[in-house]
Amino acid sequence: MNRIALFVPLVVFAILSLFLLKGLDRDPTELPSALVGEPFPSFTLPSLANDQEILSERDLDSQVVLVNVWATWCFACRIEHPMLNQLAAEGIAIIGLNYKDQDQQAIQWLKQKGNPYVFNIVDAQGSLGFDLGVTGAPETYLVDAQGIIRYRRVGVVDQRVWDDEMSSLYQQLVGEME
Amino acid sequence: MIAELGHFALIIALGMALLQSLVPMIGSFKGYSSWMRLGSSLSMGQLFFVAISFGCLAIAFLNDDFSLKYVSQHSNTALPDHYKISAVWAAHEGSLLLWALILAGWTLAVALFSRSLPLVLTARILSVLGAISVGFALFLLLTSNPFERLLPMAPMEGADLNPLLQDIGLIIHPPMLYMGYVGFAVPFAFAIAALIGGQFDSAWARWSRPWINLAWVFLTIGITLGSWWAYYELGWGGWWFWDPVENASLMPWLVGTALMHSVSATEKRGVFRSWTLLLAIFAFSLSLLGTFLVRSGILTSVHAFASDPERGVFMLMFLAIVIGGSLMLFALRGPAMRKVAAYSGWSREVMLLINNVILVSSMTMILIGTLYPLVADVLELGKISVGPPYFNFFFVPLTVGLVIAVGIAVFTQWKSTESRLILSKIPVPLLLAIICGGVLPFYLATEYSFSITAGLTIFMTVWLIATIAADLIDKIGIDLKRVAKLSYSYLGMQLAHTGLAICVLGVGLSSAYDQTRELRMAPGDNAMIAGYEFNFSGVNPVDGPNFTAFQAQIAVTKNNQLVANLFPEKRHYNAGGQVMTEAAIDPSLIRDIYVSLGEPLANGAWALSLQVKPFVRCIWLGAVMVAIGGLLAATDRRYRRRKKIQANNKVAL
């Protein structure tokens, strides 16, 4: 009986390994999202600047936009934020998806750090985040003028990610539109 | 040419490690003492070649050899030389090479300082360490070669080191952390050697104790440095984020702490033997698991600067072999757990058991919190992220329990303690703690606001320090000269526990009394926070070696007396185009004034974050005391004396 107890750690580790192995297949940062090539999920959610105003997926139409999932509780978003400010300054339209956050804190954040967003969708319950398959913040989606998701980035968008992976696709999508 | 030399040296080191893993082990079974003795020469050779390899990579960085992919990605001609050196371990490949170098270093240290151990045991320990080296050398050569060339299209200029990493804290943080992670390979190897040989006596525990302490000291320093770096470099005043990578370093630390305590019971009383072995295996396994989590990109984290699923598969195989193999060995050969009725109620054994239960529970809940998003994803339960509220919910009560237990434990003795004795010692510290915890918050409320958290924090700190003081007075009276008579391990323990109390004080009071205001300020504007007046006089452009910056000037005064002039910066790095916030801090033991510069606003105004953080420095002060305490205990006289006696015995034979 006592000897059997000695096997417990081994069994626990074996189960853990199975999850890790499965988790590798699902690697969120390396696999393209199932949503790439699909239309942006439909939603009706309030705007951060004005909670009387209701936004929907139609507000994304007719231009190429970045949809950036962020929150004030998200540590990596602090690092990403200056890059978003820079992109916005270059004239790129960024839509914020304020994910599971407090409105007041989010407004305060934008006041302090600058506001790179054209507008912000308030997703306090995480329902749109769920439809998008958000694994955590930050995440960034590139959505074309027809409202189709063309690219997904899990984690921080920095200068390198932008230059290597996103910039040329963005230009191409803008080109398609014209 | 130099890069090829480094690559070649690494291949030779792999060969050395392979021999080291096989020859002494086979020798130990066959009884060939010459084979067993070969272990220490091989470990010397291995260190030599890994060091050459590491040196070659460092030279490539100093020479700006951008034909190397790794150098071109993480360096730049404008980067100052000391950052070129630290850039060697700024990313995955170089970190692993540093890891291999440190492992070779620990291995040689074991070979040199274990001459008094039985030859069979030393041979097996070195073999196990050699086998781990094989794994890392293969990992480097097969998936993460830092000497990969970008020929014939070598770039003229490098992409530059991530500015977050251009900092003194980041020069020393990773090596310290790795010293700790890799250091746990030594007790791990001791445990495996003991399992193979079937010898788990108290001599085994005594031999492994200084190694456990040393590895743990390095890990403590490494984590402390990481937290300190995050505090001043990330620019918003936080010092712990429950990020997966931080959790990955905290888990082996918690288990290592449990191991330090349980091995003392194994040494002194011969109890908890299988538990100690298991903890030794866990501590190193969690270090490896941490590496896996960081390097595979399986979890999203700010620290995952480079991740790659192919490496993940290799690491997982390596984990399966090392952890699965050692747990299998443990299951087959571990000492059967027995009910030992040799201790009772208030004994030190029971208190150490409580310590272990709390520490391992803390580790388990962090492991669950870290892996839960992954498990939920695999089980199709939806995408879930676990945040600080979860961790704080469990960690805070566990820490409170731990602190109370540490205070009682100091009065207990091995085997059993009369409850009358303990009950007679508890009232004074308890009363003191209740009075301080009940009164001081009202006094502090005049400066800050009233806080129950602060009361609880002060209660815990006073309780811990008062129990330690009471025990010291018991031992030596009030004659401070007699401190010299106390053993290093006793002093180390008391210092480390005092450090814990100080650290708790820092954590509790800085969260209770923290005052933060985020403001729009135009030149000439004033703001008042916690009695300090902040005067913003404007922003000037300044130039650094590889960045340009906006620098704000803020004068802080209290009662019209100048406290400090602070110069927070917003830096723009030329090569990568990244923007970094450089906070300005006026430090003191009782409070930090922390100012960081936000975005420029209209009409010359800027967004500013002004913070007053009472007692925040105690967090790191306490942690440093904890580390020094561990170091003191590791250098206790009896570890050295024992060796001398054995050396003498050998001569006599």
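Looking across the stretch A:48-77, the residues that are surrounded by 16 or more Cβ atoms within 10 Å (Cβ to Cβ) and away from chain B (no Cβ under 14 Å) come down to A:LEU48, A:LEU55, A:GLU57, A:ASP59, A:LEU60, A:VAL64, A:VAL65, A:LEU66, A:VAL67, A:ASN68.
Scanning the stretch A:131-178 for residues being at pLDDT below 85, over 10 Å from the mean Cα position of the chain (by Cα) and among the hydroxyl-bearing types (Ser, Thr, Tyr) gives a total of 0. Among the residues of the stretch B:71-93 satisfying the criterion of being β-branched (Val, Ile, Thr) and not in a loop (DSSP other than H, G, I, E, B), which is nearest to B:PHE136 (Cα to Cα)? Selected residue: B:VAL88.
Checked against (1) of a type in the set (Ser, Thr, Tyr); (2) touching a residue at least 24 places away in the same chain (Cβ under 8 Å); (3) in a strand (DSSP E or B), B:SER537 passes all but a single condition, namely (2). Cβ-Cβ contacts under 8 Å between residues 6 or more apart (or on different chains), taken from a first residue in the stretch B:255-284 that is more than 14 Å from chain A (Cβ to nearest Cβ) and within 15 Å of B:VAL182 (Cα to Cα) to a second residue that is of a type outside the set (A, V, I, L, M, F, W, C) and crowded, with 24+ Cβ neighbours inside 10 Å, are listed as B:GLY256/B:GLY180. Within the option set B:LEU509, B:LEU519, being modelled with pLDDT under 95, touching a helix residue (DSSP H, G or I) at 6+ places or on another chain (Cβ under 9 Å) and part of a strand (DSSP E or B) holds for one residue only, B:LEU519. May I ask you to verify whether B:LEU112 is part of a helix (DSSP H, G or I), under 28 Å from B:ILE125 (Cα atoms), under 20 Å from the mean Cα position of the chain (by Cα) and not polar (S, T, N, Q)? Spelling it out, it is not the case that B:LEU112 is part of a helix (DSSP H, G or I), under 28 Å from B:ILE125 (Cα atoms), under 20 Å from the mean Cα position of the chain (by Cα) and not polar (S, T, N, Q). Look at B:LEU98 and say whether it is in a helix (DSSP H, G or I) and within 15 Å of B:LEU129 (Cα to Cα). Taking the combined requirement at face value, the residue does not satisfy it. In the stretch B:392-414 there is no residue that is buried (at least 16 other Cβ atoms within 10 Å of the Cβ), part of a helix (DSSP H, G or I), touching a helix residue (DSSP H, G or I) at 6+ places or on another chain (Cβ under 9 Å) and within 14 Å of chain A (Cβ to nearest Cβ).
Of a type in the set (S, T, N, Q) and not in a strand (DSSP E or B), is that true of B:ASN565? Taking the combined requirement at face value, the residue does not satisfy it. Within the stretch A:78-131, restricting attention to residues that are in a helix (DSSP H, G or I), over 24 Å from B:LEU597 (Cβ atoms) and of a type in the set (D, E, K, R), the residue that is nearest to the other protein chains (Cβ to nearest Cβ) is A:ASP131.
Scanning the stretch B:560-588 for residues that are within 10 Å of another protein chain (Cβ to nearest Cβ) and free of Cβ contacts under 8 Å to residues at least 24 places away in the same chain turns up B:GLY577, B:VAL579. Checked against the criterion of being surrounded by fewer than 16 Cβ atoms within 10 Å (Cβ to Cβ), over 30 Å from B:LEU119 (Cβ atoms) and in contact with an Asp or Glu (Cβ under 8 Å, 6 or more places away or on another chain), the stretch B:3-13 has no qualifying residue.
The values are calculated or read from the model by the stated rules, or taken from the named source; none is laboratory data. This is a predicted model, so every value here is computed, not measured. Neighbour counts are summed over all protein chains in view; Cβ atoms, including those assigned to glycine, are modelled from backbone coordinates with ideal geometry.
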